[in-house]
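Data first, discussion second: the structure below is written as structure tokens.
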Amino acid sequence: MKIKNEVRYALQIVYYLTLHRDKDIISSNEISAEENIPRLFCLRIIKKLEKAGVVKIFRGAKGGYVLTRDPKRLTFRDIIEIIDDDIVLQPCIDSSTICSTRGANCSIRLALKKIQDELLDDFDKINFHDLVEKNTGLYV
């Protein structure tokens, strides 16, 4: 499984906003420069995060962004699902697609589904507050 650049950048943006939540407003230029994210890509991701209620946008010359969700309740899985709503290891895991060779009880499909479910559970266990406060070393 490969996490898309857009998802990785979104995780970095939320991490940065959590890390600097003591500041009033953080500009896109600062986020882009510090996290090495192309500015236009950063802006596009922030719009998705705003639409999902994770980030508030302040417009204007002194505008920028703040995190609106509690970092203790904001997980990697939340961000991944906001940016990429199609998190599947293999298309056959989706219940609407049944293996044409082995059917619904395909052992490979069931094993991949188990792995995917465990991976999503692990993403649910990583919240941004703990990542920043406990300095776990799991930098995005």
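The values are calculated or read from the model by the stated rules, or taken from the named source; none is laboratory data. Note that the coordinates shown come from a computational prediction; the quantities given were computed from them, not determined experimentally. Cβ atoms come from the backbone with ideal geometry, glycine included; neighbour counts cover every protein chain shown.
How many of the residues making up segment 20-41 are assigned to a helix (DSSP H, G or I), among the aliphatic types (A, V, I, L, M) and within 14 Å of VAL55 (Cβ to Cβ)? Let's see the steps before the verdict.
Step one: of segment 20-41, the residues assigned to a helix (DSSP H, G or I) are 28-35, 39-41.
From what is left, the residues that are among the aliphatic types (A, V, I, L, M) are 31, 33, 40.
Retained after the next criterion (residues that are within 14 Å of VAL55 (Cβ to Cβ)): 31.
Matching residues across segment 20-41 total 1.
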With the checklist (1) under 29 Å from GLN116 (Cα atoms); (2) modelled with pLDDT under 95 in hand, flag the one item HIS20 doesn't pass.
(1)
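From VAL66, VAL54, grab the single residue that is over 15 Å from the mean Cα position of the chain (by Cα), closer than 28 Å to LYS125 by Cβ and hydrophobic (A, V, I, L, M, F, W, C). Show your work before the answer.
Details: VAL54 fails: over 15 Å from the mean Cα position of the chain (by Cα).
VAL66 is the lone residue from the list that is over 15 Å from the mean Cα position of the chain (by Cα), closer than 28 Å to LYS125 by Cβ and hydrophobic (A, V, I, L, M, F, W, C).
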List the residue pairs whose Cβ atoms are under 6 Å apart, where the first residue sits in segment 18-40 and is in contact (Cβ under 8 Å) with a residue 40 or more places away in the chain and more than 18 Å from PHE76 (Cβ to Cβ), the second is crowded, with 16+ Cβ neighbours inside 10 Å and of a type in the set (Gly, Ala, Ser), and the two are 6 or more positions apart or on different chains.
ILE25/GLY64; ILE26/GLY64
Of the residues that make up segment 86-95, is at least one closer than 25 Å to LYS113 by Cβ, touching a residue at least 40 places away in the same chain (Cβ under 8 Å) and either surrounded by 12 or more Cβ atoms within 10 Å (Cβ to Cβ) or aliphatic (A, V, I, L, M) (or both)?
yes
Which residue pairs have Cβ atoms closer than 6 Å, lie 6 or more positions apart in sequence or on different chains, and pair a first residue in segment 112-140 that is modelled with pLDDT of 85 or more with a second residue that is aromatic (Phe, Trp, Tyr)?
PHE123/PHE76; ILE126/PHE76
